[in-house]
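Shown next, in structure tokens, is the structure this report addresses.
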Amino acid sequence: PEEISLKWLGAAGFEIRFKDRLALVDPYLSRSAEAVPRLAITRDDYKNFDMLIASHGHFDHFTDVPYLAVTVDAPVYLPRACKKDLRREWRNQHWSARKGNPDQWRVLEDTKKIEMDDLTVTPIRCFHEVFDFSTMGAAAARVFKKKPMWGAVKEGLKAATMHPYGNGHLLHFDWGGRGTRMMFAGSLTRHIYGLTADNGRTDVLAIPYCPPNGQWKKE
């Protein structure tokens with residue numbers, strides 16, 4: 001329907017507009033200059049939004065979530081293991097920039113339904129995808145072309161150690177009586193818990209794809 005729009009933000013990030021409301025899912029907006037595609041948008045372009053959801057804590061899904069959660073006053077939903085990152089960002093951010101509200105930081109494992117107007121989002125718990133070193137190697141190779149080896153290694157280690165294991169979530173979006181449903185899979189995994197005939201129905205399937213990742217192609 002015309003009142004629903006999706007905008008890809010690179011990596012696994014989506015901007016979802018519904019009527020006059022805005023939701024962000026897994027926004028990774030501070031990617032390196034070597035990332036493809038090159039996007040002009042940055043995390044500082046989002047001064048306001050109505051909801052922020054992080055499906056899991058991998059670097060390409062979660063890197064910018066703490067900053068956005070602290071600087072914008074909106075509900076934030078994220079895995080339990082990631083909540084401490086928001087508290088750390090709150091301490092590090094200057095008081096004048098703190099516009100977020102810690103009372104609105106909600107744990108996905110404890111959330112059955114997320115509602116925004118006629119939109120209902122159901123988190124469905126899953127385990128992270130298998131950690132694939134071919135993807136990490138390709139990312140490090142891109143950085144190595146532009147930076148000294150230590151800089152490339154430092155970025156690679158930072159990415160590899162950002163919540164490498166833990167709970168992930170599928171996100172089932174249902175726009176009320178419009179007959180429109182979307183399943184967002186931030187992770188590809190065989191281990192999905194709580195998927196039912198109702199929350200498994202979908203009109204749009206959004207799944208991650210990374211060309212260097214040979215395992216995903218096989219799956």
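Brief remarks follow.
- Among the residues of segment 183-196, those that are at pLDDT 85 or above and either surrounded by 15 or more Cβ atoms within 10 Å (Cβ to Cβ) or among the aliphatic types (A, V, I, L, M) (or both) comprise M183, F184, A185, I192, L195.
- Just one of the listed residues (D132, D174, D110, D118) is acidic (D, E), at pLDDT 90 or above and either within 16 Å of I16 (Cα to Cα) or touching a Gly at 6+ places or on another chain (Cβ under 9 Å) (or both), and it is D174.
- When restricted to residues that are modelled with pLDDT of 95 or more and surrounded by 17 or more Cβ atoms within 10 Å (Cβ to Cβ), segment 91-105 contains 1.
- Single residue of R88, R106 found to be closer than 19 Å to H58 by Cβ and either over 18 Å from the mean Cα position of the chain (by Cα) or not in a helix (DSSP H, G or I) (or both): R88
- Scanning segment 43-55 for residues that are part of a loop (DSSP other than H, G, I, E, B) and surrounded by 11 or more Cβ atoms within 10 Å (Cβ to Cβ) returns Y46, F49, D50, A54, S55.
- Boolean, K84 is open to solvent by 80 Å² or more (accessible area, probe 1.4 Å), without any contact (Cβ under 8 Å) to a residue 60 or more places away in the chain and in contact with a helix residue (DSSP H, G or I) (Cβ under 7 Å, 6 or more places away or on another chain): no
- Qualifying residue in segment 11-19 (condition: open to solvent by 50 Å² or more (accessible area, probe 1.4 Å), outside any strand (DSSP E or B) and either out of contact with any His (no Cβ under 7 Å at 6 or more places or on another chain) or without any contact (Cβ under 8 Å) to a residue 60 or more places away in the chain (or both)): yes
- The listed residue being over 20 Å from I53 (Cβ atoms) and at pLDDT 65 or above, out of G151, G168, G156: G156
The values are calculated or read from the model by the stated rules, or taken from the named source; none is laboratory data. Being a predicted model, the structure only gives us computed values, none of them experimental. Virtual Cβ from ideal backbone geometry, glycine too; neighbours counted across all protein chains shown. All accessible areas refer to the heavy atoms of the entire protein, side chains included, with ligands and DNA or RNA removed. Shrake-Rupley method; radii C 1.70, N 1.55, O 1.52, S 1.80 Å.
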